[in-house]
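Taken together, the values in this text are just the output of simple stated rules run on the coordinates, not laboratory data. Computed from a predicted model, the values in this text were never measured in an experiment. Using ideal geometry, Cβ is built from the backbone for each residue, glycine included, and neighbour counts are taken over all protein chains shown.
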Amino acid sequence: MKSPNPLSSHHRTRALAALAGLFIFTAGFVSLARAQDEYWFTGAWSACDNTCGEGLQIREVYCCLPPSCASIVPDAQCAALGPRPTDTQACTATESCDYTWQTGPWGECSAECDGGLMTRTVTCFETVNATVVAEELCDAGTRPDGEQTCNEDPCISYFSFEFGEWGECSALCVDLPGTQTRDLSCVEYPSGEYVDIDCCVNTHSEVPETTQSCESEIPCEQGYWEAGPWGECHPVDCNGQGLRTREVTCVDPNPEDGDELLYCDPQTAPSVQESCYTGQTCDDHPDPDPASDCTCSASHRGAPSSMLWLAAGLLLLFRRRSRRK
């Protein structure tokens with residue numbers, strides 16, 4: 001049997017001493033490492049944000065590195081330390097709140113008569129902080145009315161004329177009289193509806209004018225009348241009476257001048273037709289041709305009326321003068 005080796009025992013002793021030293025070193029390193037770990041920093045709570053009633057307080061919360069929060073790091077680096085501390089909390093102010101109703105001015109009445117409705121704003125007001133709050137905080141039993149009736153007298157109907165703007169003047173130039181008109185209507189109040197014009201005429205002593213005289217600003221060129229020769233005498237009945245016509249023209253005395261409107265006074269215009277005697281009667285033609293001038297038919301008797309129309313149209317002649325180059 002072998003005897004124990006003394007060197008082996010010595011080696012074991014040294015090995016155990018080395019392990020003990022390693023354990024002490026590791027423990028110190030871990031302790032130092034923990035001293036550098038992140039931690040949550042929380043500041044002091046602020047004052048309550050309301051001076052009365054319930055409010056809110058806030059504080060600062062950071063994830064920091066020691067010492068004394070020398071560096072602020074993202075909150076995720078403190079996640080291992082547990083939930084982030086809250087940075088807000090409810091609070092109750094030391095002073096009690098005073099709530100009262102406030103009203104705005106009344107609006108316009110919705111009707112002029114027969115009863116209408118008017119409204120106003122009603123709000124709950126907190127006097128300490130001078131703010132509008134929810135109506136539930138005020139006493140509902142003392143809430144002022146937000147609407148009321150108005151103008152309850154019965155409506156009295158009346159009629160009023162309504163007229164438009166004057167229209168364009170009919171005068172062609174400054175030397176000629178003209179007229180202009182405007183629309184006239186009748187309105188029933190308080191409904192504001194348009195009614196028959198007689199409703200206003202029968203209830204007003206004066207009716208507004210719908211026509212008035214006016215003048216044009218367009219200059220006129222004064223012309224003169226020039227009459228042509230008389231035409232053939234045309235019989236108008238079976239007694240030898242006839243009618244003849246001629247052309248009457250308003251002549252421009254200065255055709256080379258500008259572009260004014262030519263005007264001749266109709267009061268001085270020469271006649272465009274006159275009576276004449278043909279010397280022929282129906283007795284001169286026992287069997288008159290129905291198409292001849294001596295026929296006493298209704299169609300022939302109507303011929304002078306067309307001539308009269310032509311003559312009336314020639315009493316006043318206006319034409320635009322063309323500028324001659």
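Below are the figures for this structure:
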{"quantity": "Per-pair calculated FRET efficiency, R0 = 35 Å: Val187 and Ser213 via Cβ, rounded to 0.05", "calculated": "0.80"}
{"quantity": "Cβ-based exposure ranking for Tyr263, Tyr39, in which fewest neighbours within 10 Å come first", "calculated": "Tyr39, Tyr263"}
{"quantity": "Exposure proxy ranking, count of Cβ atoms within 10 Å, fewest first, for His204, His234", "calculated": "His204, His234"}
{"quantity": "Intensity falloff of the stretch 166-259 expressed as log10 I(q)/I(0), Debye formula with alpha-carbon point scatterers, at q = 0.16 Å⁻¹", "calculated": "-0.85"}
{"quantity": "Gln148-Ala90 FRET efficiency (beta carbon distance; Förster radius 41 Å; 0.05 resolution)", "calculated": "0.50"}
{"quantity": "Overall Cα dimensions of the stretch 99-150 - principal axes, largest extent first, Å", "calculated": "43, 20, 11"}
{"quantity": "For the stretch 158-214, with +1 on Lys and Arg beta carbons and -1 on Asp and Glu, the positive-most of Gln212, Ala171, Gly192 along the dipole", "calculated": "Ala171"}
{"quantity": "Contact order normalised by residue count of the stretch 158-214, Cα under 8 Å, 6+ apart, percent", "calculated": "39"}
{"quantity": "Positive-pole candidate from Pro105, Thr121, Ala134, dipole of the stretch 83-144, charges at beta carbon", "calculated": "Ala134"}
{"quantity": "Cβ-Cβ FRET estimate between Ile156 and Glu256, R0 fixed at 51 Å, reported to 0.05", "calculated": "0.15"}
